[in-house]
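In what follows, a structure is listed as structure tokens, so that the remarks can point back to it.
The values are calculated or read from the model by the stated rules, or taken from the named source; none is laboratory data. All figures in this text were calculated on a predicted structure; none of them were measured in a lab. Please note: Cβ atoms are built from the backbone with ideal geometry, for glycine as well, and neighbour counts cover all protein chains shown.
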């Protein structure tokens, strides 16, 4: 495929990886404030990021890093927890996945952004070694902006490791 005089080799549109997950928050999921445990939210985020990355590359993946995990508001007992994830950018063997978490009051329909995170997922082969993944083809203006921002975060993560 040729786009803007640049050949895009074996890429997947962002939409290919878009994943949604909804669950109901019960009392055993919550702390003494009747809000969901942060670790439970983090487990949901890791799980949906894994699914999204696997949809993008159609290979097994592992979590390489989690950065910029921001808790913005609590989710209470009886609320629904809604998660959305998609791959924002891919490199040779890794993918950045954005995850958005919302609470939903199922009685009123009110929704609120409660957390967001960026995770780096690494594709692996049957021997557990890193393996190549398709590039991301951003289509909407928002996807293109996130793709550009992901490139900057990738460079920042590489510099931190040095």
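When you look at residue 105, is it within 21 Å of residue 20 (Cβ to Cβ), more than 15 Å from the chain's Cα centre (by Cα) and surrounded by fewer than 15 Cβ atoms within 10 Å (Cβ to Cβ), yes or no? Considered against the rule, which asks whether it is within 21 Å of residue 20 (Cβ to Cβ), more than 15 Å from the chain's Cα centre (by Cα) and surrounded by fewer than 15 Cβ atoms within 10 Å (Cβ to Cβ), residue 105 comes out as yes.
Restricting 45, 97 to those that are surrounded by 15 or more Cβ atoms within 10 Å (Cβ to Cβ) and either part of a strand (DSSP E or B) or on the phi > 0 side of the Ramachandran plot (or both) reduces the list to 97. Check region 56-74 and report whether any residue there is at pLDDT below 95 and either in a helix (DSSP H, G or I) or on the phi > 0 side of the Ramachandran plot (or both). Yes: one or more hits. Test residue 115 against the criterion of being surrounded by 15 or more Cβ atoms within 10 Å (Cβ to Cβ) and within 13 Å of the chain's Cα centre (by Cα), and give yes or no. Taking the combined requirement at face value, the residue satisfies it.
Within the set 99, 87, the sole residue that is within 30 Å of residue 37 (Cβ to Cβ), in contact with a helix residue (DSSP H, G or I) (Cβ under 7 Å, 6 or more places away or on another chain) and free of Cβ contacts under 8 Å to residues at least 60 places away in the same chain turns out to be 99.
Here residue 150 fulfils each of the conditions (1) touching a residue at least 60 places away in the same chain (Cβ under 8 Å); (2) closer than 15 Å to residue 16 by Cβ apart from (2).
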